[in-house]
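Step one of this worksheet: look at the structure below.
The values are calculated or read from the model by the stated rules, or taken from the named source; none is laboratory data. The model shown is predicted, which means the values in this text are computed figures rather than measured ones. Neighbour counts run over all protein chains shown; Cβ positions are idealised from the backbone, glycine included.
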Ligand code: C2E
Ligand code: MG
Ligand code: MG
Ligand code: MG
């Protein structure tokens, strides 16, 4: 009986594996078309500067309205796009749209830098680097690129050289998901990065865990020693924000402030100054 059950489970897994593979292939084909058909759109998630109590930048996060599947999130299609090379067209589209949206925001009186996530494979792609630079240089837009250390480790020499090219034309480099991947202090030292984003893995349970606050505090000190500003991602509670503020964290990002939202909602959010009230609370525990 036990054998039969094991076999049944194995068969079920095979079937699931097959359908997952078919799914991926289908999504991959659909994606190539989706980029041309304008099925992709961007949502923006603000980063709040705690001491200045203002929003100085937002992160662009790509979404896909699939004609039959509905909303598809990046974790389901970015890995496919990286394999198929569609990541190049997707990222150039993201840069172009961010440049347009930054102009719209500026016209509304909101001068914000827009940060774009850049996949690791692109850091070694000279053609992508040239095309991205041409777009940004001609626009005069204020952009930032978020990259992970894991993506630098693949081909450190060209990645670091290309990041310096981006930094030289005014693109602010941020290290994303710090601590969650392959972190190397040797690369951290060499990267022309101005921001370090602590992965939400260490932030979402900040006030209920024993070790996370120690890791976060020492990461903040390390980044400051290297003259980088620190962003905590995944801030969901007032308590986490208050603790981060005491620890000297420069910026926070997370559902507490705002989920990723469309440009219209972002303009509304900024006009209302909702973040001011929230960020003011970060100091409340100190003032008492
Ligand atoms: P990321 O760059 O680390 O983005 C942060 C992710 O955490 C986002 O998920 C965001 O919605 C989510 N998040 C934000 N605040 C909170 C919070 O308080 N709690 C929790 N639990 N989650 C929070 P999303 O939008 O699904 O994006 C996932 C990943 O996909 C991103 O991670 C990024 O690596 C990648 N991605 C998104 N857009 C692009 C893109 O245009 N190009 C590339 N190459 N990758 C992208
Ligand atoms: Mg990011
Ligand atoms: Mg991140
Ligand atoms: Mg992440």
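Given the structure, is residue 236 within 17 Å of the chain's Cα centre (by Cα) and away from ligand 2 (no atom under 16 Å from the Cβ)? So residue 236 fits the description; yes. So in the stretch 1-39, with the set limited to residues that are closer than 30 Å to residue 233 by Cα and outside any helix (DSSP H, G or I), which one is modelled with the lowest pLDDT? It comes out as 38.
For the stretch 164-201, filtered to residues that are in a helix (DSSP H, G or I) and within 15 Å of ligand 2 (Cβ to nearest atom), the residue that is surrounded by the fewest Cβ atoms within 10 Å (Cβ to Cβ) is 201. Counting the residues of the stretch 136-163 that are in contact with a strand residue (DSSP E or B) (Cβ under 7 Å, 6 or more places away or on another chain) and outside any strand (DSSP E or B) gives 4.
Could you please give the count of residues in the stretch 70-89 that are outside any helix (DSSP H, G or I) and more than 13 Å from residue 40 (Cα to Cα)? Don't jump to the end; show me each part of the working.
The initial filter retains those residues of the stretch 70-89 that are outside any helix (DSSP H, G or I), namely 70-73, 85.
If we keep only those that are more than 13 Å from residue 40 (Cα to Cα) too, we end up with 85.
Count: 1.
Scanning the stretch 95-129 for residues that are touching a strand residue (DSSP E or B) at 6+ places or on another chain (Cβ under 6 Å) and assigned to a loop (DSSP other than H, G, I, E, B), we see that the one that is farthest from residue 36 (Cα to Cα) is 112. Screening 42, 92 for residues that are in contact (Cβ under 8 Å) with a residue 24 or more places away in the chain, surrounded by 14 or more Cβ atoms within 10 Å (Cβ to Cβ), under 19 Å from the mean Cα position of the chain (by Cα) and in a helix (DSSP H, G or I) leaves exactly one candidate, 92. Checked against (1) crowded, with 21+ Cβ neighbours inside 10 Å; (2) closer than 21 Å to residue 167 by Cα; (3) more than 9 Å from ligand 1 (Cβ to nearest atom), residue 55 passes all but condition (2).
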